[in-house]
Structure formats: C-alpha cells, structure tokens
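Worksheet: the structure to be examined is printed underneath.
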Amino acid sequence: MPQRYSLEPVVQESTPSIIARKLRYAIAHGEVAPGSQLGEAELARELGVSRGPLHEAMQRLTQEGLLVSIRNRGLFVIEMTDAEIRDMYVLRTAIESAACKLLVRADHVAAGQDLLGKVAEMESAAATGDRAAMSDADMAFHERLVALSGSRRLARIHSTLMTETRMCLTVLQDSYRVDGEWIAEHRGIAEAVFNGDGPLAESRLSDHAEAALARLTDSTASISV
C-alpha cells in the first residue's frame, strides 16, 4: 500500500486577499494616512491590478472596519479617536483574555515558554533603543498570545484590532519609550500562563491593557500595546 501522509492541502491565496493584505499593511504603517480617501482607479494603476479584485479587497477592509464608506464621497481610511481606541481595547482585551483561557487548558508550559521568548525579544529591542524594534516586539507578544490559543476565529478578529493598534503606534512612534515596567507587565502575563494560572493571567492582562490604553491616549506619555 502507498504511504499515507498527514499533510494539510496547499491553499492558494486569491488576488483580492493579496491586495487586501498589501492595503492592510500600508494602512497599519502609515503609508496611507488616517482619513485619506482611496481612489480605485489610482490604486489599481499603482498595484497593477484590475478594479474588480481591488474593489473586492476594499470591501473586505470596509467589513473589517479599516475603511469607512461615506455616501456620495467614497471610501476613507478610519481615523482613530480616543473614544475609538478605548472601544478597540475593550474588544482586544476580551479576545486576549479568551486566548489565555484556552492556553492554560492546553500545554500552558510550552505556551508560557514561547511567550517568555517574546519577552526576551522585547528586552533585546529595548537594549538597542530602536523604537521600531520595540513596537514590533510588543506587537509580536500579543499576536503570539492569540495565535498560541489555536483559535482561528480569535486570531482573525485580533488581526484587525492589531492593525488598528499599529496605526496608533505609527502616528505616535516618536513617543514610544520602553521601561522596566513595560517589560515586567508582559513577563508577568507570560509567567502566569506558564504556571497555568488562568485568572492571574487574565488579571495581569487586564491591568496591562488599562495601562497601555492610558499611555496610548496620552501622546505625551510613553506608549506600549
């Protein structure tokens, strides 16, 4: 009998998905500024694609909440007000807390070790003083926390929220500063996961989210996610 392999099938990414990913990245990193109007004809020329798949990609971003359609005017990139940032953090905290619940029910030791590795990356980034590396390490910790949960739905929703978070960090990049407290907050979450203490992990995550929100809505303060 021929040998059987337990391999997942290769999934080919569609053109609208590729376009949506490129636009999502551009929005997150400030290449397309908040409040900017997106013109289909211009974008189609720049990306070298037809307007059909571009239109589908822009519809996806509208459904995700990254673009907003204004009647008789067109599509615009969202602008993150303090109220919207707070609202985004409510959902982000809920998703990351749900991820923590799943992590401690599974191999929490391995998950905790993985997250502690991300904390080590934060320490290395802080040592360099590279603001971009600091924010990347910060984002990577939270993205990994949700990815380790194994929930594709949580990861999908969280991805959009992290794009919005990245938008905020890009605008306030010059204010980004790392200190021992910032690193300790993430280490505390990772250690709680490692020990399988779900309630403690969620409590520390909630405290961290509140502190991060306060930093993020005050451009004169240090910010982290």
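Quick notes
- The chain - accessible surface per residue (Å², probe 1.4 Å): 54
- Potential lengthening between residue 45 and residue 87 on full extension [0.36 nm per residue; Cα-Cα distance subtracted]: 11.6 nm
- In the chain, the C-alpha radius of gyration followed by the widest Cα-Cα span (Dmax) gives 19.2, 68 angstrom.
- Once exposed loop GluC sites (Glu not before Pro) are cut out (DSSP; at most 15 other Cβ, 10 Å), longest piece of the chain: 80-225
- The shape of the stretch 107-210 comes out oblate: with a ≥ b ≥ c from the C-alpha gyration tensor, a/c is at least 1.5 while a/b does not beat b/c.
- The chain: relative contact order in percent, alpha carbon pairs under 8 Å with at least 6 residues between: 23
- At R0 = 35 Å, FRET efficiency that the Cβ-Cβ distance of residue 71 and residue 13 yields, to 0.05: 0.65
- Against the criterion of solvent-accessible heavy-atom surface with a 1.4 angstrom probe, 77, 90 sort, most first, into 90, 77.
- Of the solvent-accessible surface of the chain, computed with a 1.4 Å probe over protein heavy atoms with every protein chain present, carbon and sulfur atoms account for 50 percent.
- Our helix-only sum for the chain, with -39,500 (n - 2.57) per DSSP H run of n ≥ 4 divided by its residues, gives a mean residue ellipticity at 222 nm of -22500 deg cm²/dmol.
The values are calculated or read from the model by the stated rules, or taken from the named source; none is laboratory data. All values reported here derive from a predicted model rather than from experimental measurement. Cβ sites come from the backbone with ideal geometry, for glycine too, and all protein chains shown count toward neighbours. For accessibility, only protein heavy atoms count, side chains too; no ligands or nucleic acids. Shrake-Rupley method; radii C 1.70, N 1.55, O 1.52, S 1.80 Å.
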